[in-house]
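Trainee: Okay, handing you the structure first.
Every number in this text was worked out from the coordinates using simple rules, so none of it is lab data. Computed from a prediction, not measured in an experiment: that's the story for all the values here.
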Amino acid sequence: MHGHDRIDVSFAGLGAADDVARYPFGRLLGMLTPNEQAYLYAWAARAYDGRGAVVDLGCWLGTSTIPLAEGLAANPRANGAVVDAYDQFVWESWMASATIPSLGDRYRDGDSFLPEYRERTAPYAGRIRVHAGDLNGEHWRGGPIALLFNDVSKSWSLAATVLREFWPAAGAGALIVEQDFVHAYCYWLHLIAWAMRDRLEPVGVVPQAASFVFRRKEDAASGITSVGPGDFSAADVDAAYDYALSIVPPDGASTLLAAKARCLFERGDRAGVDATWSEVLRLGAPGYYAYNIAMVEREIFTSR
Ligand SMILES: C[S@@+](CC[C@H](N)C(=O)[O-])C[C@H]1O[C@@H](n2cnc3c(N)ncnc32)[C@H](O)[C@@H]1O
């Protein structure tokens with residue numbers, strides 16, 4: 001029996017399906033799907049009990065911040081809580097193509113989009129504390145965290161910062177949402193989750209989205225707090241992907257294996273890449289996940 005037979009795959013336990021209508025496609029410009037927006041709203045509006053910080057890492061133009069703030073505003077138990085929103089707010093060219101609907105050529109590399117974030121989130125300004133700057137220089141001093149929504153760990157160094165600075169405050173019962181877990185790019189997320197597996201309860205995936213929800217089992221100080229590419233052996237990589245495959249529903253399997261191939265590619269294991277990619281091809285690239293498998297395929301096979 002796989003882990004995913006036991007875990008909740010219907011909106012990761014929140015019953016957020018009723019909230020999807022609040023976030024029709026295109027209402028909030030951004031990189032999150034309507035299901036992810038609905039998940040964040042449902043958690044903030046109904047699951048949050050007013051204790052602990054609500055942390056939004058990589059808030060971009062507010063697609064995660066706004067549902068969280070709207071949920072807090074609707075939650076009678078929220079107790080004045082705010083969203084701690086982090087981003088460096090510096091435009092990078094890839095963002096234009098990741099945006100739906102398109103922002104066109106409004107920004108160039110290096111431009112600040114902080115004014116637009118403030119404008120888009122203005123109706124909820126009282127519910128948001130903005131932390132603008134490079135996260136790698138941040139230290140979390142805000143006390144226990146109830147929800148850690150992580151959409152910033154797009155590199156080893158950012159993932160290491162999040163693990164060192166934020167995970168220790170996300171103690172027993174806290175939710176950690178790894179936004180790009182069912183995605184082929186950020187393979188370090190799978191290695192970190194495996195390294196922390198004894199301290200994490202896999203709750204489930206947000207359907208038609210890359211977000212996977214974990215709940216912290218025990219208290220803060222336990223577990224690793226520093227991480228880097230040299231910390232994992234080849235056997236660890238195999239074990240990490242066995243773990244990830246056991247907790248993610250079957251339609252995410254080829255995406256996870258594409259992430260494994262990317263990991264092996266960066267480790268210089270060409271034979272491992274080929275063996276893993278033939279498994280990706282055997283499984284195929286189901287609907288929602290196809291785009292990121294294609295992205296990794298281009299990266300691996302055009303540079304060899
Ligand atoms: C995938 S996007 C987040 C998308 C967003 N959560 C949404 O809902 O649409 C990743 C974000 O991380 C931010 N980021 C990248 N490197 C960063 C750094 N070193 N410090 C702070 N933020 C960073 C980017 O500016 C970007 O907004």
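Trainee: Run the numbers for Ala17 and Ala294: contour at 0.36 nm per residue of separation, minus the present Cα-Cα distance, in nm.
Mentor: Values: separation 277, 0.36 × 277 = 99.72 nm, distance 2.89 nm.
Extra length from Ala17 to Ala294 when fully extended: 96.8 nm.
Trainee: How much length is gained if the chain between Ala74 and Arg108 is pulled fully straight, taking 0.36 nm per residue apart and subtracting their Cα-Cα distance, in nm to one decimal?
Mentor: Values: separation 34, 0.36 × 34 = 12.24 nm, distance 3.67 nm.
Full extension of this stretch gives 8.6 nm more.
Trainee: Of Asp109, Asp49, Asp251, which is the most mobile in a GNM of the chain whose springs link Cα atoms less than 10 angstrom apart?
Mentor: Asp109
Trainee: On a 0 to 90° scale, report how tilted helix 253-266 is relative to the longest principal axis of the chain, with both axes built from alpha carbons and the result rounded to the nearest 10.
Mentor: Orientation of helix 253-266: about 70 degrees from the principal axis.
Trainee: Distance between Cα centroids, region 157-222 to region 20-45: provide it in whole Å.
Mentor: Taking the Cα centre of region 20-45 as reference, the centre of region 157-222 is 21 Å away.
Trainee: Could I ask something else about it? Between region 46-76 and region 274-304, how far is it from one alpha carbon centroid to the other, in angstrom?
Mentor: Taking the Cα centre of region 274-304 as reference, the centre of region 46-76 is 34 Å away.
Trainee: For Arg51 and Ser155, compute 0.36 nm times the residue count separating them, minus their Cα-Cα distance, and round to one decimal in nm. Don't skip to the answer; put the middle values down first.
Mentor: Numbers: separation 104, 0.36 × 104 = 37.44 nm, distance 3.04 nm.
Residue separation times 0.36 nm, minus the Cα-Cα distance, leaves 34.4 nm.
Trainee: Let me ask something additional. Project the alpha carbons of region 3-229 onto their principal axes and report the range along each, largest first, in whole Å.
Mentor: Sorted from largest, the Cα extents of region 3-229 read 46, 40, 33 Å.
Trainee: Relative to the longest principal axis of the chain, what angle (0 to 90°, nearest 10) does the C-alpha long axis of helix 65-74 take?
Mentor: 50
Trainee: Let me ask something else. Report, to the nearest 10°, how far helix 156-165 tilts away from the longest principal axis of the Cα atoms in the chain, using its own Cα long axis and a range of 0 to 90°.
Mentor: 50
Trainee: Note the direction-averaged projected area, equal to a quarter of the hull surface, for the Cα convex hull of region 111-193, in nm². List each step's numbers first, then the result.
Mentor: Values: hull surface 26.9 nm².
Averaged projected hull area, Cα only: 6.7 nm².
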